[in-house]
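The values are calculated or read from the model by the stated rules, or taken from the named source; none is laboratory data. Source: prediction; values computed, not measured. Reconstructed Cβ throughout: ideal geometry from the backbone, glycine too, with neighbour counts over all protein chains shown. Heavy atoms of the whole protein, side chains included, go into the accessibility calculation; ligands, DNA and RNA do not. Shrake-Rupley method; radii C 1.70, N 1.55, O 1.52, S 1.80 Å.
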Amino acid sequence: MAKKTVADIDVRGKKVLMRCDFNVPLDDDGKITSDDRIVKALPTIEHILDGGGALILMSHLGRPRGQRNEKMSLAPVAERLSELLGKEVIFADDCIGAETKAKTRGLGSGDCMLLENLRFHKEETIKDKAAKADEQLRQAKDDFARQLADLADIYVDDAFGTAHRDNASMYTVPLLMEGAERVIGFLIEKELRYLGDTLSNPERPFVAILGGAKVSDKMGVIENLLDKVDCILIGGAMAYTFFKAAGQKVGKSLCEDDFLDKATELLKQAKDAGCEIVLPVDTVIASEFKAGAERKVVSGNIENGWQGMDIGPETRKLFAEKLAGAKTVVWNGPMGVFELSPFEQGTEAVALAVVEATEAGARSVIGGGDSTSAVKKLGLGDKVSHISTGGGASLEFMEGKKFKCLEILDEKG
Ligand code: AMP
């Protein structure tokens, strides 16, 4: 069943506590280098303010590890949000405490407040498993969450980037607000629609593209996708574990020896499930791991002293052919070391092939920070159907994992 959203409830005259993902990149001077995450939260924020709610926003930023750290203050976010909304955003110097509570009491209809970084308090990131095993930790997490929960009448979650975690603000706060309305925002609604519908109701052929450094990170994704997709294209360093499992030499390429058996097993599982797994037929190899390193293209064995850096030109063609007729495409992870030129060519070729498939009518969903930045770097961000705002969250979603912080929120109807 679908989750209730902010559009389904009346916020007029109510205090609304909303979890956002304002984990924006900052430069050394504390300036925001991309306000994308703030901009993406605006539809839900504006909807609540226009609907007459008094809005209290909360988020984490970086990893301050339970300590106050001015470099990770959300104050610059309050400033930017205020510019974008064209109205004052009150900033609370701490997310909990008597002063913050008093400040929220003064909030009226249409007012907006942002609380300081949740992770300045170590209780925010206490894992539920740890809290269950240790009474003191449970108490600490509950006390912290209770102070947040007591600030408002309604809970809204619009932080897809952290939706796979059981942080206090994501899980314990809505749990403690039982009886109150607890809904999702438009950003999460969109993520669930795209990721959820795409995986459960795909038009075929359905092609998945997986890349990145580690096969171990994506094992669960491959397993979950085997009986959903028609074909999985595998690039990035992940491919070398499959190569080695098949008896090929991989030189000094990144390879996970502990997962050779698992890689073989996955290939067999894929065969049984009727899912085609396509591995690279050629590889750009380099003598050193650096931009502009001496390089050549090989198919088959990678000789000693050399390492795989990117998919080769024949693989780019092959992957583009596989994508050409696709009606659904999901992509997570780059095809090579795209940060070092010229090893971005495979990732760029795949990005272009995904865009072409989209233009020919496919639904395309991109997840993961690196594939997303590759698509954006090429200026193709608006030429795919959906770019997920959650790297880890979208990966876990593709693994078929349930998000317990979303499960406890209200259902429609
Ligand atoms: P992941 O976080 O698993 O999606 O991995 C992303 C990282 O994989 C990027 O930083 C890429 O540089 C890296 N990567 C992709 N292909 C290779 C490769 N052939 N060798 C080493 N690293 C790679």
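Ranking V354, T328, F343 by Cα position along the charge dipole of segment 320-369, where only Lys, Arg, Asp and Glu carry charges on their C-beta atoms, puts T328 farthest toward the positive end. Rounded to the nearest 20 debye, the dipole size of segment 98-153 about its Cα centre is 140 debye, using +1 on the Cβ of Lys and Arg and -1 on the Cβ of Asp and Glu.
Quick check: at a probe of 1.4 Å, how many percent of the accessible area of the chain sits on carbon and sulfur atoms?
On the way: 8370 of 17840 Å².
Ligands and nucleic acids excluded, carbon and sulfur reach 47 percent.
Along the axis of the charge dipole computed for the chain (Cβ charges of +1 for Lys and Arg, -1 for Asp and Glu, origin at the Cα centre), the listed residues Q269, A145, S394 are led at the positive end by Q269.
May I ask for the distance between the Cα centers of segment 20-52 and segment 64-80, given as a whole number of Å? When both Cα centres are located, 13 Å separates them.
Suppose R0 equals 30 Å. What FRET efficiency, 1/(1 + (r/R0)^6) with r the Cβ-Cβ distance, do D27 and R204 give to the nearest 0.05? Please report the intermediate quantities before stating the final value.
Values: r = 45 Å, r/R0 = 1.50.
According to the calculation, E is roughly 0.10.
Considering only DSSP beta bridges whose two residues both sit in the chain, what percent are antiparallel, to the nearest 5? Of the beta bridges lying entirely in the chain, close to 20 percent run antiparallel.
Take every pair of alpha-carbon atoms less than 8 Å apart whose residues are at least six positions apart; their mean separation over the length of the chain yields a relative contact order of 16 percent. Here segment 47-77 is scanned for amide nitrogen atoms under 13 Å from the site 7 Å beyond the Cα of D134 along Cα-to-Cβ, giving none.
Note down the nm distance, to one decimal, between modelled labels 7 Å out along Cα→Cβ at A2 and at E178. In this crude spin-label approximation the distance works out to 2.8 nm. Take the Cα of K271, step 7 Å toward its Cβ, do the same at E88, and the gap between the two points is 7.0 nm.
Any idea of the accessible area per residue across the chain, 1.4 Å probe, to the nearest Å²? Display every interim value, and only then the final one.
Details: 17840 Å² over 413 residues.
Counting only protein heavy atoms, the per-residue value for the chain is 43 Å².
A simple charge model with +1 on the Cβ of Lys and Arg, -1 on the Cβ of Asp and Glu and nothing else charged puts the dipole of segment 117-272 at about 780 debye relative to its Cα centre. Dipole of the chain computed with +1 at Lys/Arg Cβ and -1 at Asp/Glu Cβ about the Cα centre; of V183, F289, M113, farthest Cα towards the positive end is F289.
Among S73, S287, S200, the residue with the largest mean-square fluctuation in a Gaussian network model of the chain, with springs joining Cα atoms closer than 10 Å, is S200.
Of the listed pairs K129/K401; K228/K268; K3/K327; K129/K262, which have alpha-carbon separations greater than 18 Å here? Don't skip to the end; give the middle numbers.
Numbers: K129/K401 16 Å; K228/K268 16 Å; K3/K327 27 Å; K129/K262 28 Å.
From K129/K401; K228/K268; K3/K327; K129/K262, over 18 Å: K3/K327; K129/K262.
Separation of segment 167-198 from segment 324-368 is 29 Å, based on Cα centroids. Label positions at D227 and E339, each projected 7 Å from the Cα along the C-beta direction, are separated by 3.8 nm.
What dipole magnitude, in Debye to the nearest 20, does segment 194-398 give about its Cα centre under +1 on Lys/Arg Cβ and -1 on Asp/Glu Cβ?
Numbers: 21 positive and 28 negative charges, 44 e Å.
My answer is approximately 220 debye.
For segment 267-301, backbone nitrogen atoms closer than 12 Å to the point 7 Å from L378 Cα along Cα-to-C-beta are found at no residue. GNM on the chain, alpha-carbon springs under 10 angstrom: the most fluctuating residue among G97, G346, G212 is G97.
Estimated from helices alone, the mean residue ellipticity of the chain at 222 nm is -10500 deg cm²/dmol (sum of -39500 (n - 2.57) over DSSP H runs with n ≥ 4, per residue).
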